[in-house]
1. Can you tell me how many residues in the range 167-202 are without any contact (Cβ under 8 Å) to a residue 24 or more places away in the chain and either over 29 Å from Leu249 (Cβ atoms) or of a type in the set (A, V, I, L, M) (or both)?
2. In the range 224-242, what count of residues is obtained for those that are more than 13 Å from Leu173 (Cα to Cα) and part of a loop (DSSP other than H, G, I, E, B)?
3. Mind listing whichever residues of the range 3-37 are under 18 Å from Ala257 (Cα atoms), among the β-branched types (Val, Ile, Thr) and at pLDDT below 95?
4. What's the number of the only condition in (1) modelled with pLDDT under 95; (2) open to solvent by less than 70 Å² (accessible area, probe 1.4 Å) that Asp75 fails to meet?
5. Test of understanding: among Asp267, Asp275, which residue is closer than 23 Å to Ala210 by Cα and open to solvent by 30 Å² or more (accessible area, probe 1.4 Å)?
6. Looking only at the range 202-231, which residues are open to solvent by 50 Å² or more (accessible area, probe 1.4 Å) and within 14 Å of the ligand (Cβ to nearest atom)?
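The values are calculated or read from the model by the stated rules, or taken from the named source; none is laboratory data. Keep in mind the model is a prediction, meaning the values are calculated, not measured. Here the Cβ positions follow ideal geometry from the backbone for every residue, glycine too, while neighbour counts run over all protein chains shown. Please note that ligands, DNA and RNA were not included when accessible areas were found on the heavy atoms of the full protein model with its side chains. Shrake-Rupley method; radii C 1.70, N 1.55, O 1.52, S 1.80 Å.
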Amino acid sequence: MVAGAFTARRTEAMRGRVQKITHDLIDAFAARGSAELVGELAYPLPAIVMCETFGIPLADQGHFRQWTSNAVLADDGQPVYAPPPDEYLRDLVAGKRAAPTDDLLSELVAAEQAGQLSETELLSMLFLLIIAGHENTVGLIANGVLALTANPEQLALLRERPDMIEGVVEEVLRYDGPMELAAWRFAAEPVTIGETTIPAGEPVVIALAAAHRDPDRFADPDRFDITRPDAGAHLGFGYGLHHCLGAALGRMEAAVALSAVVQRLPDLAPAVPIDQLERGPGSIVRSLYELPVTFTVADSPGGAG
Ligand code: HEM
């Protein structure tokens, strides 16, 4: 039911709107010559897209970040888990029941009313999508800007060849993808990998980030190379039954955001040494708290494209 809302076709129909949101966000800092790209672009873009998709008031987007950080980050190995207040989600659902609008949440509420899913399933799905739908996208955009600015020759190549953007997004997913670990799997039967046998029923945590730097799979894996022919063979959206439901949307948002940043912000460079940038402490999502950058102010304001 939910997957239908995120198909490649439905996602493509959102591209124009995603471009408009992106350029409006960039317009707000383009004349300044500096920006904090997580807070001013990578975070608000997917948060606004999620709000609009679900029909959640834009004023509530600020909450998402806290909920998500609480749910996915672990501090010193201690997981902290604080889902959004139940009453907030319940109120949201009650509002859609009373006055349905043209959005995904209203569709889910209609399905609930038709007996296709329970209220608990509806609230859980909403919570999952709010979190899964934006935190990874924040990471993909921020890690992408960082990889490009840390490799100026790759940035210059993309500036000359904007048509390469889709391959760039795949290489960012491989080189510094935002999900370091896949969802847990459980061995259905004993499995032997190398010299280790995993007994039936045992959990398996797969380190996607390690697979992406496997020299047996990717040549010179520690090099960020936007011309890499097999970058798309990464597992950045997982694999099999649980393959990311929002992969098309995540890819499209990142492509739009990275293209706009590269085309509109000449001489883009991190404003602080890269090794001073802070990452969250958790081992699930790999993202940046902040990404301060500088750039040359373009003569004519952008806004197109
Ligand atoms: C842009 C970057 C994104 C990345 C890198 C990403 C990555 C992932 C990964 C690695 C998984 C686990 C798959 C597995 O273990 O096999 C996953 C699952 C999931 N993702 Fe994403 N995701 C992104 C964006 C999104 C968006 C935009 C949405 C929602 C619209 C979304 C919704 C989900 C959901 C619902 C699942 C669980 C699927 C299931 O268990 O059946 N993701 N994602």
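1. 16
2. Residues flagged as more than 13 Å from Leu173 (Cα to Cα) and part of a loop (DSSP other than H, G, I, E, B) within the range 224-242 amount to 3.
3. Thr11
4. Status for Asp75: all satisfied but (2).
5. Going through Asp267, Asp275 in turn, just one is closer than 23 Å to Ala210 by Cα and open to solvent by 30 Å² or more (accessible area, probe 1.4 Å): Asp275.
6. Pro203, Val205, Ile206, Ala210
So that you can scan it fast, the table gives a plain yes or no per residue for (1) of a type in the set (Val, Ile, Thr); (2) open to solvent by less than 70 Å² (accessible area, probe 1.4 Å); (3) modelled with pLDDT under 90; (4) in a helix (DSSP H, G or I):
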| residue | (1), (2), (3), (4) |
| --- | --- |
| Arg65 | no, no, yes, yes |
| Thr68 | yes, yes, yes, yes |
| Ala82 | no, yes, yes, no |
| Glu87 | no, no, yes, yes |
| Asp102 | no, no, yes, no |
| Ser124 | no, yes, yes, yes |
| Leu128 | no, no, yes, yes |
| Val138 | yes, yes, no, yes |
| Asn143 | no, yes, no, yes |
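Yes or no, residue by residue, for (1) within 25 Å of Tyr43 (Cα to Cα); (2) of a type in the set (Gly, Ala, Ser):
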{"position": "Leu148", "(1), (2)": "yes, no"}
{"position": "Pro162", "(1), (2)": "yes, no"}
{"position": "Tyr175", "(1), (2)": "yes, no"}
{"position": "Glu180", "(1), (2)": "yes, no"}
{"position": "Glu189", "(1), (2)": "no, no"}
{"position": "Thr197", "(1), (2)": "no, no"}
{"position": "Ala209", "(1), (2)": "yes, yes"}
{"position": "Arg213", "(1), (2)": "no, no"}
{"position": "Asp216", "(1), (2)": "no, no"}
